[in-house]
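Read the structure below first, then the notes.
Values quoted throughout were computed directly from the atomic coordinates according to the rules given, and no laboratory measurement underlies them. Keep in mind it's a predicted model, so treat the numbers as computed, not measured. Because the Cβ atoms are built from the backbone with ideal geometry, glycine has one as well, and the counts that use them run over all protein chains shown.
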Amino acid sequence: MTPCTITENYSDRSGQATWTGGSIAADPDFRAFISGPVCERLEDAEESQTFATELAGLAGTGVAVETVEAVLTADGHERQPWEVGEAMAEVLLAEQRGAIWPWNTERDKRTPKASLPGADLIGFVTLDDGEASLAIGEVKTSADEDRPPGVVNGRGGMAHQLERLESDRALQVTILKWLRPRCNGTDYWPLYESAVRRFLNSQGRDFILFGLLMRDTTPHALDLEARGKALGTVDAPTAYELSAWYLPHPVAEWPQLAAGVA
């Protein structure tokens with residue numbers, strides 16, 4: 001269960017698309033949520049701990065131990081609100097929708113000249129029949145008061161990017177190639193095989209596209225309604241799931257809240 005209070009403000013569907021809006025309460029649990037699981041995702045806590053343990057094991061002298069400490073504190077990366085928004089979206093989808101993320105893309109973002117796959121979210125959703133479906137999506141963060149905000153429409157907007165992910169076969173192949181080595185030899189491999197099998201047997205049409213809008217405004221159905229109706233005309237079995245999450249603190253404060261200093 002998500003460790004914060006969420007109220008569903010609106011929900012609707014049209015064709016192959018669903019859209020929902022949920023507001024998160026400004027209670028102590030929210031601070032625990034953003035400084036806990038969201039921060040852990042943002043900082044890639046699991047990988048960071050493994051790296052720290054390995055370095056500590058290789059350090060044999062006092063000088064080496066001091067070097068380890070210096071290395072571990074040398075990140076110096078100042079987080080941006082959109083990065084916190086992406087991490088929050090991943091955690092919310094995992095807990096609310098059961099999405100599974102076999103790889104933390106923060107690792108690639110922090111690697112110079114890393115080749116990112118062309119989507120913010122890449123993973124799996126387990127279906128009722130026990131099979132898995134590819135979960136691919138985009139996250140947009142906005143403090144824009146417009147309904148919908150500018151990040152939803154336009155050439156660089158969420159809707160256009162989702163449509164490209166739905167129709168661009170070369171981009172889909174890039175995603176599959178990126179995902180394969182991150183699942184091979186792990187517990188995620190059966191999910192990968194299941195999802196890719198469904199994808200191939202449907203002529204490349206069986207997958208779920210997620211659009212996540214992270215906001216600091218009051219909830220309003222117009223944020224997603226028009227795009228949901230337009231995207232819903234896609235042919236089955238492709239499906240769109242759009243969600244808007246309304247946060248109780250201004251976007252500009254999210255990095256400080258995730259760091260536990262606000």
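The figures follow:
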{"read-out": "Förster radius 22 Å - calculated FRET efficiency between Ile100 and Thr174 (Cβ-Cβ, nearest 0.05)", "value": "0.65"}
{"read-out": "Label-point separation, Thr5 to Asp29 (7 Å along Cα→Cβ), nm", "value": "0.8 nm"}
{"read-out": "Distance (nanometres) between label positions extended 7 Å along Cα→Cβ at Asp129 and Arg79", "value": "4.0 nm"}
{"read-out": "Region 113-262 - Rg (one decimal) and Dmax (whole number), Cα, Å", "value": "16.8, 50"}
{"read-out": "Per-peptide average of other Cβ atoms within 10 Å, ordering 163-170, 133-140 highest first", "value": "133-140, 163-170"}
